[in-house]
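> Right, I'll just put the structure down here and ask away after.
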Amino acid sequence: RALPPSAPVRLYMYIRSALVAVAALTLVALPSHAAAMQPLPDYKTTMEVLKAGKGPVVAKGDSVTVHATGTVEESMKKFWSTKDKGQQAFTYNAGVGAVITGWDQGCLGMAIGEVRNLKIPAAEGYGAGGFPAWGIPPGGTLLFEIEVLSIKGKSAEL
């Protein structure tokens, strides 16, 4: 038995509205920063510049002071922030392995005042063992927001 002439049109409209709904839900479900994250060359860590900085940039061997907030992606629980009461800005030596790889590489090239988001996979973070004392599970992916406050080069403060 043949379908009425309007059946294909109704079916088309139903499928079209379903696809539009799925597309809308997909956009709502994705974090707004997902599309803006850029890969670091030769690494799996990704980064997004939230605010541009000015002046000198972080280079290997520099002493860098930052504000940082770290969150475990799987639980979305903050495990550390230099902005919390009783905390202070964090200083480290850039590009020499003094911090986890994703952070070390993800901050190179940042200017004073620049704010970046970093998404660091376990292999470039705390690895398969995690860091349970800080609430970072085995294989945990880390999300950091980092702001460069100052850069001290090898011979002078920048």
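Values in this text are rule-based calculations from the coordinates and carry no lab data. Computed from a predicted structure; not experimentally measured. A quick note on method: Cβ atoms are made from the backbone with ideal geometry, for glycine too, and the neighbour counts reach across all protein chains shown.
> Give the lysines reachable from K78 as a straight Cα distance under 29 Å; neighbours fewer than 8 places away on the same chain don't count.
Counting by Cα, and skipping residues close in sequence, K78 has these lysines nearby: K44, K51, K54, K60, K119, K152.
> Okay, next question. Please enumerate, by chain and number, the aspartates and glutamates with C-alpha under 13 Å from the C-alpha of K83, excluding those fewer than 8 residues away in the same chain.
E145, E147
> How far apart, in nanometres, would the label points at F90 and M76 be if each is projected 7 angstrom from Cα along the Cα-to-Cβ direction?
2.2
> On a full-extension model of 0.36 nm per residue, what is the gain between Q38 and A123, subtracting their alpha-carbon distance, rounded to one decimal in nm?
Gain on stretching Q38 to A123: 28.8 nm.
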